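J.: What follows is a structure written as structure tokens; I'll ask about it next.
The values are calculated or read from the model by the stated rules, or taken from the named source; none is laboratory data. Quick caveat: nothing in here was measured; it's all calculated off a predicted structure. For neighbour counting, all protein chains shown are included, and Cβ atoms are generated from backbone atoms with ideal geometry for every residue, glycine included.
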Amino acid sequence: MRPNGILRNALAVFASAGLLLTGCTASKQETAFAPQLSAAYTVQAEMTFGDSGSAALTLTRSAAEQWEAEFSDPPALAGVVLTFDGNAVSASYKGLAFTVPKSALPAKNMLSLTTEILDAIGALDEIPCAEQDDGTWVGTGESSGGSYTVTFAGSGEPVSLEIPSQPLQIQFSGYALCAADGTTAAGTDLTTTEATTSAETTNEGTSQ
């Protein structure tokens, strides 16, 4: 056999072995995993969405389809609270109700998808997830906004959520149980966070 033929055969064997090894490494078997999503809880969320949107907020669930999102960033939205009640969304700032500002609409749409997914997961005792090398658990699913990937800590708290088609990425932290009145188990009031916002944001209103 000519040297070139030997070389081609050797490369083909190595390539085939590499593909088999890659397939074995990438695939992780799914098993039943129980997320820790109480009927009422609060969690910190850092969002990036669209081309350049970002926001930081406290997300509080009081019951199914009942959520509040209080923004701490960007500065134009700091202190603004979006309340989700089923399909209805309202906005307020330090108790003053107003229409959802234009600057909050992209975040509002992403939060609607987020709460939809978290509600759906919370209604299940277990979901199929694959354990990762770092001890986290990753599951996938479908939502009205497209397919998503959700990551949980080994203890069950949410770590991240990603919807590539939006695109949307959220990092979660500080998960804590709370009562329906918006207090943590330790009794800390979560609804009176002091924050400043510009008058332009408060005055800027438009219907959804």
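J.: Confirm whether G86 is out of contact with any helix residue (DSSP H, G or I) (no Cβ under 6 Å at 6 or more places or on another chain), at positive phi and not aromatic (F, W, Y).
T.: Taking the combined requirement at face value, the residue satisfies it.
J.: Could you grab me the full set of residues in segment 125-141 that are surrounded by 17 or more Cβ atoms within 10 Å (Cβ to Cβ) and either of a type outside the set (F, W, Y) or free of Cβ contacts under 8 Å to residues at least 24 places away in the same chain (or both)?
T.: So in segment 125-141, the residues surrounded by 17 or more Cβ atoms within 10 Å (Cβ to Cβ) come out as 127, 129, 137-139.
Scanning segment 125-141 gives I127, C129, V138, G139.
J.: Considering only residues that are in contact (Cβ under 8 Å) with a residue 60 or more places away in the chain and in a loop (DSSP other than H, G, I, E, B), look in segment 75-123 and name the one that is surrounded by the fewest Cβ atoms within 10 Å (Cβ to Cβ).
T.: Among them, the one singled out is T99.
J.: Just give me the residues in segment 142-155 being of a type outside the set (F, W, Y), surrounded by 14 or more Cβ atoms within 10 Å (Cβ to Cβ) and within 25 Å of A32 (Cβ to Cβ), in sequence order.
T.: The answer is S143, T149, V150, T151, A153.
J.: So E200 passes all but one of these: (1) part of a helix (DSSP H, G or I); (2) modelled with pLDDT of 95 or more; (3) charged (D, E, K, R). Which condition number does it fail?
T.: Checking E200 against (1) part of a helix (DSSP H, G or I); (2) modelled with pLDDT of 95 or more; (3) charged (D, E, K, R), the one that fails is (2).
Per-residue answers, yes or no, for (1) among the charged types (D, E, K, R); (2) within 18 Å of L82 (Cβ to Cβ); (3) modelled with pLDDT under 95; (4) more than 19 Å from the chain's Cα centre (by Cα):
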| position | (1), (2), (3), (4) |
| --- | --- |
| T115 | no, yes, no, no |
| I163 | no, no, no, no |
| Q171 | no, no, no, no |
| Y175 | no, no, no, no |
| A186 | no, no, yes, yes |
| S207 | no, yes, yes, yes |
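J.: Any residue that is touching a Gly at 6+ places or on another chain (Cβ under 8 Å), more than 22 Å from P164 (Cα to Cα) and exposed (fewer than 15 other Cβ atoms within 10 Å of the Cβ) - is there at least one of those in segment 66-73?
T.: no
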